[in-house]
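Asks: Below is a structure I'd like to ask you about.
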Amino acid sequence: MSLLAIVGRPNVGKSTLFNRLTGTRQAIVSDEAGTTRDRQYGHVEWCGREFSVVDTGGWVVNSDDIFEEEIRKQVKLATEEADAILFVVDVKNGITDLDEQVADILRRTNVPVIVCANKTDNNEDRYNASEFYALGLGEPYCVSAATGSGSGDLLDIVVERLGEDKTDAVHDDNVPRFCVVGRPNVGKSSLTNAFIGEERNIVTDIAGTTRDSILTRYNKFGFDFYLVDTAGIRKKNKVNESLEFYSVMRSIRAIENSDVCILLLDATRGIEGQDLNIFSVIQRNQKSLIVVVNKWDLVEDKSKEAVEHFERAIRERLAPFTDFHIVFASALTKQRIFKVLELAQEVYESRNTRIPTSRLNEEMLPLIENYPPPSIKGKFIKIKYCAQLPGVQIPSFVFYANLPQYVKEPYRRFLENKIRERWNFTGTPINIFIRQK
């Protein structure tokens with residue numbers, strides 16, 4: 001899937017534009033510069049084309065020098081990873097020094113760049129937008145992210161500049177893809193090398209030694225799958241904002257093209273905010289999950305109580321999705337790494353499980369009859385039939401009811417939990433749909 005990065009100096013409306021393109025209110029919008037701290041990632045569908053978009057906001061204002069340096073880093077990282085760049089400028093303020101610095105970086109890249117003149121609310125603003133030709137990046141496209149004016153024309157240009165989706169010609173669709181993801185320096189390359197039994201990837205203590213996502217065919221001990229080692233970041237840097245941005249950007253592509261994600265956590269540091277960001281990308285793409293707590297050999301307390309406490313903490317942070325395997329392993333000593341592969345294969349198979357309709361109804365309908373959806377406004381909801389949808393990427397179940405609009409989220413979770421109790425879908429997301437009978 002193609003990737004579009006939104007770049008620009010603070011307070012030009014990047015988050016508002018992100019919300020407009022994705023049709024969500026996911027990004028927090030404020031007049032205060034630097035409001036966006038977390039990386040915003042979403043999907044856009046336009047004219048039958050789907051692509052990913054990343055909002056590169058998230059700079060901390062300590063001084064003007066640090067501010068400018070952070071912007072330069074973000075733009076450079078975006079040009080390395082994205083298929084197209086959306087350069088957002090503010091037509092109300094015109095060209096600033098920061099705009100010129102960003103444009104200077106973008107002119108040197110081979111990635112298609114689209115200049116978006118935001119906050120174009122009237123004809124006078126449209127006339128003033130012509131000054132952005134001076135940036136040397138082509139025609140500025142006038143948009144008002146707040147009202148939506150011009151957003152359709154902008155998306156037409158974006159789809160045109162993105163071109164065709166890149167396909168992996170060497171990938172066999174019948175062979176599962178497992179990707180190893182996690183924040184920098186958590187041991188992704190070490191785990192991959194432990195899997196394949198050779199120094200396939202360069203491993204150092206420097207976060208970001210891996211420069212590209214590496215696809216390796218694994219065909220040993222009865223296993224056959226593709227193993228993707230997602231890159232960390234290019235060079236060690238003390239600015240955590242840039243580290244986080246880079247690792248998430250690199251993880252997005254691998255996650256989108258995988259079936260099962262092996263999320264690595266650092267046993268010496270626990271689960272952190274950056275891990276949650278990567279987990280959210282996995283969840284939005286509805287990929288199967290295994291959590292591996294790496295560097296377990298460095299932990300002194302390996303008692304049963306410590307393990308249970310660690311597991312409980314992880315599930316609480318990743319709730320409400322809690323039905324997944326947790327493996328305590330060490331890539332260095334190769335402790336339990338074979339168990340990780342066994343569970344990944346098991347999760348992939350459960351992802352493709354098909355339950356016969358007759359058996360599904362035999363199990364679920366008596367349960368629903370005993371615990372029906374709560375009545376609303378004196379109306380009783382009856383579910384008479386259910387089935388698993390064919391030809392979808394993840395297990396999806398449809399329940400036919402007389403009043404589907406009154407079936408609320410808690411009852412959907414109840415149905416999902418009962419399905420999980422009766423069939424093995426550990427590690428795999430499930431979709432529950434309520435339709436008119």
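The values are calculated or read from the model by the stated rules, or taken from the named source; none is laboratory data. This is a predicted model, so every value here is computed, not measured. Heads up, the Cβs are rebuilt from the backbone with ideal geometry, glycines too, and the neighbour counts pull from every protein chain shown. All accessible areas refer to the heavy atoms of the entire protein, side chains included, with ligands and DNA or RNA removed. Shrake-Rupley method; radii C 1.70, N 1.55, O 1.52, S 1.80 Å.
Asks: Along its principal axes, what span do the Cα atoms of region 291-415 show, with the longest given first and each in whole Å?
Replies: Reported extents, whole Å, longest axis first: 59, 32, 21.
Asks: What chymotrypsin sites (Phe, Trp or Tyr not before Pro) in region 317-381 are in a loop by DSSP, with at most 12 other Cβ atoms within 10 Å of the Cβ?
Replies: Numbers: sites: Phe321, Phe324, Phe328, Phe338, Tyr348, Phe380; in loops: Phe321, Phe324, Phe380.
In loop regions of region 317-381 (DSSP not H, G, I, E or B), the sparsely surrounded chymotrypsin sites (Phe, Trp or Tyr not before Pro) are Phe380.
Asks: Taking θ = phi - 60°, what integer Hz values does the Karplus form 6.51 cos²θ - 1.76 cosθ + 1.60 yield along region 264-279, in sequence order, with x for Gly and Pro?
Replies: Along region 264-279, the couplings run 8, 10, 8, 4, 7, 10, x, 8, 10, x, 5, 4, 5, 4, 5, 4 Hz.
Asks: Further question: Under a 1.4 Å probe, what is the accessible area of region 331-411 per residue, stated in Å²? Numbers along the way, then the final one.
Replies: Working: 4690 Å² over 81 residues.
Here the residues of region 331-411 average 58 Å² of exposed surface.
Asks: A follow-up question, please. State which entries of Lys76/Lys220; Lys295/Lys418; Lys119/Lys408; Lys188/Lys304 exceed 31 angstrom in Cα-Cα distance in the structure shown. Show your work: numbers first, answer last.
Replies: Values: Lys76/Lys220 39 Å; Lys295/Lys418 35 Å; Lys119/Lys408 39 Å; Lys188/Lys304 26 Å.
Among Lys76/Lys220; Lys295/Lys418; Lys119/Lys408; Lys188/Lys304, the Cα-Cα distance tops 31 Å for Lys76/Lys220; Lys295/Lys418; Lys119/Lys408.
Asks: Return the Rg/Rh ratio of region 353-413 with Cα-based radii and a Kirkwood Rh.
Replies: Values: Rg = 12.4 Å, Rh = 12.6 Å.
That ratio equals 0.99.
Asks: Let me ask you something else. Identify the trypsin sites (Lys or Arg not before Pro) of region 315-379 meeting these criteria: DSSP loop state and at most 10 other C-beta atoms within 10 Å of the C-beta.
Replies: For trypsin sites (Lys or Arg not before Pro) across region 315-379 that sit outside H, G, I, E and B with at most 10 neighbouring Cβ atoms in 10 Å, the list reads Arg354, Lys377.
Asks: What does the highest-first list of 424-433, 294-303 look like by mean Cβ count within 10 Å?
Replies: On the way: 424-433: 18.6, 294-303: 14.6.
Per-residue mean Cβ counts within 10 Å order the peptides as 424-433, 294-303.
Asks: Amide H of Val54: which non-local residues (sequence gap of 5 or more, or other chain) have their own amide H closer than 5 Å, using H built in the peptide plane?
Replies: Correct list: Leu4, Ala5, Ile6.
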